[in-house]
Each structure stands twice: as C-alpha cells, then as structure tokens.
Amino acid sequence: MNSDTITAAAAGTWKLGDLDVNRIGFGAMRLPQYGAALRADSVPRDRDQAIAVLHKAVELGVNHIDTAAFYFSPLRSANELINRALAPYADDLVITTKVGPARLPTGEWGEHARTPKELRGQVEENLRQLGRDHLDVVNLRIVGADSIAERFGALAELREAGLIRHLGLSNIRPAHLDEALAIAPVVCVQNPYGIGTSGTQEDMLRLCGERDIAYVPFYAIAGAGGQAGASGADSEGVLALARERGVSAAQVRLAWTLHRGPHVLAIPGTGDPDHVVDNVAAGALRLTADELARLDALHAGV
C-alpha cells in the first residue's frame, strides 16, 4: 500500500446533517503539545510543525477536523493553530468542536459548563479562536449519567440563533441520545471505541447506525493509552496482522474501526506529518472476512 498517493476519499463519505465529510478525518487534540495531551505541564509543540500537519491533512483530502477550545498547552491552542493554518476556510471543510469541559488558563481542569450562559460562553470562545461566525458541529461532552436536557436545550437555542449549524454528543449513554433527540436533531456521537474497548459501546454503535447518526470513536488508535497516546505495546494479534499486510498496527486499528459500519468516522490525531499520511492511508485498507473475524475475536476478548 503506497501511502503517499492515498487520499481521505478512499475511506468513503458520510453526511453530518447536510455536510459531506470523508470518513477519515483529523483530531486536533495532539496538535498543541508533544507527548500526553491536556496536561498543565505539557511541552508546547513547534508551531511550524503543527501547521505543517494541518496543511498535510488538508492536502490529503481531510475535510473533517475535530477540535475544542480546551485543546491547548502553554503557548499553543489547537483552534488558533487551525485558524492560522487554514483560514480563510475552504467551503467543504467541516470543523467540529465540543463544549462542556472547562480548563483554566493554567491548564488545570475546572467545573464543566452546565448553565446556558456558561455554554454560550464556550461556544463564543470557539467562534473567536477559529475566526468564524458560526460553528459547523458542536458536541456536548459530558461526564456521568445525569440528565442533559437543560444543557442540550441551551445548545439547541444557539442552533436556532444561527451560531451552530448542527449538534452532536460526546461521552454519552444510550439514554442521553434519546433525551437529546426529543429536543433537536443529533448528527454525531463521539465516544471512546476501538479494538478491546468496553462492550457497552456496541449498543451505541448499533443505535447510531439505526438512526443514521455518525458514530465517531475517539482513542481508536490509543486505546487504553487515552490522552497519553498509543503505548506501542499492541496485542500480538494486531501486530501479526499488521506484519502480514505490511502496514502499521495503527492502520489496522483504524481500518477495523471503519469496517464497523458505513456510519463510523475516524478522527485520528497526531502532531507528525508522516503519521497523517499513514492514518489517511488506513482508509484504503480493506480487511478480508477472515481478518475481520480475527480482530473481532480480539475485540471480544476471545
């Protein structure tokens, strides 16, 4: 597989509401720093390198970028890097952001936004940093099992006001999706998912498919590494298949994720231009029925 010639179109497309996106996108969480993300003591990434990553992603046909105002390190903000690298934005570029979590200027975590005023403030901060007059997609990211009706309703009002085009959800349970759909349309759900993750996510994957809602896994490559990134200690089953196909373990993981359904999107993140090339190329990796069965068994812990 010659990664250099493969574009994001190889993965196929999906509609986020009325917005067409290639199923391989880009997650901006790792852009602002080296190493583990979302830490107060993280080391800022070289600005030119971060901008080169964004340029390479778009050059390869990526038209779905996932970001957030709380993706920052000392001196670097993912949103402002995106603004600097890609504005004025191409008409087909879809930028998805999320609100809910709050970080202090020091990088420490604060209380999640819960009131309409707090959520509007976070929406306006994303608008300012990205240099836009509306946000394509805003995901409400939550923790816990509490009702989201008030918070999602506040975002629905901002959608009616024209500040947001489409709404999504992140880190939710099936009951939250039902609650949100009673208020306004939902175009995507971002939840942790990948080979070996909790089987509880299978219900959400299925529900989204039944309702034509995009399911957008995060940590599809990192797995249990989460914000720290991939550990490099992949299972022998994944590594064996990667060797057989002449690809990386990360590409195997991404390809398996995309094979879970036509409504599944991928937003792998990296700060390395070469890794962007490899991640995009994973969208062209077609796994056989036997290979999928092997990976499904690993996922199920068989």
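The values are calculated or read from the model by the stated rules, or taken from the named source; none is laboratory data. Note that the structure is a prediction, hence the values are computed from the model and not measured. Cβ coordinates were reconstructed from backbone atoms using ideal geometry, including for glycine residues, and neighbour counts include every protein chain displayed.
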Looking at region 55-93, which of its residues are in contact with a Ser or Thr (Cβ under 8 Å, 6 or more places away or on another chain), assigned to a helix (DSSP H, G or I) and of a type in the set (A, V, I, L, M)?
A78, I82
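Specify the residue that is surrounded by the fewest Cβ atoms within 10 Å (Cβ to Cβ); the eligible residues are those in region 271-284 that are touching a Phe, Trp or Tyr at 6+ places or on another chain (Cβ under 9 Å) and modelled with pLDDT of 95 or more.
Checked region 271-284; the qualifying residue surrounded by the fewest Cβ atoms within 10 Å (Cβ to Cβ) is V276.
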Any hit, region 3-11, residues being crowded, with 16+ Cβ neighbours inside 10 Å, modelled with pLDDT under 95 and part of a helix (DSSP H, G or I):
yes
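Kindly provide the set of residues from region 21-73 that are among the aromatic types (F, W, Y) and surrounded by fewer than 24 Cβ atoms within 10 Å (Cβ to Cβ), ordered by number.
Correct list: Y34 only.
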Matching residues in region 247-302 - criterion: being outside any helix (DSSP H, G or I) and without any contact (Cβ under 8 Å) to a residue 24 or more places away in the chain
T288, V302
For region 81-92, how many residues are surrounded by fewer than 17 Cβ atoms within 10 Å (Cβ to Cβ), within 19 Å of V137 (Cβ to Cβ) and touching a residue at least 24 places away in the same chain (Cβ under 8 Å)?
3
